[in-house]
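Laboratory data are not the source of any read-out in this text; all were calculated from the coordinates shown. These numbers come from a predicted model, not from an experiment. Here the Cβ is made from the backbone with ideal geometry for all residues, glycine too, and neighbour counts use every protein chain on show.
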Amino acid sequence: MSEETLKPCPFCGSTAIRLTRSGWLDAYYVVCEKCRARGGYSQDENCAVEGWNRRGQQADSFASWIASHPEDREFLRAEIALGIDKALKERRP
């Protein structure tokens with residue numbers, strides 16, 4: 001296992017975090033046992049841990065950008081809604 005310590009879940013704050021290996025993908029990922037959030041897949045366990053540990057920083061960075069750009073909030077909200085709408089339409093048979 002990676003020597004880097006896994007940080008708590010950036011979504012629920014749980015410390016019940018584990019590094020897991022997916023057999024069928026032959027890759028590692030980190031999962032929160034409480035809320036089931038997952039990090040990205042990586043062939044290297046250290047990269048999977050590093051990616052998990054950066055997730056909270058990325059979310060904080062985006063939230064802070066949104067807070068400092070109030071004029072863009074409505075535009076982003078509309079773009080996200082369009083993306084969700086499109087994804088739902090593509091899923092329907």
Counted charge near ALA78, where neighbours are those whose Cβ lies closer than 11 Å (Asp, Glu -1; Lys, Arg +1)
-2
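Restricting things to Cα coordinates, could you compute the convex hull volume per residue of the stretch 17-91 in Å³?
Numbers: hull volume 9.6 nm³, N = 75.
Value for the stretch 17-91: 128 Å³ per residue.
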Note the full-extension length gain between GLU4 and GLU74 as 0.36 nm times their separation in residues minus their Cα-Cα distance, in nm to one decimal.
21.3 nm
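Summing Lys, Arg as +1 and Asp, Glu as -1, what charge do residues with Cβ under 10 Å from the Cβ of GLY39 carry, GLY39 excluded? Could the numbers behind the result be given before it?
On the way: positive: ARG38, ARG54, ARG55; negative: GLU50.
Net local charge, GLY39 excluded: +2.
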By the rule of another cysteine's Cβ lying under 4.7 Å, the cysteines of the chain that fail to get a partner are CYS47
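Roughly how many debye, to the nearest 20, is the charge dipole of the stretch 17-91 about its Cα centre, given +1 on each Lys and Arg Cβ, -1 on each Asp and Glu Cβ, and no other charges?
Working: 12 positive and 12 negative charges, 76 e Å.
With only Lys, Arg, Asp and Glu charged at Cβ, the dipole is about 360 debye.
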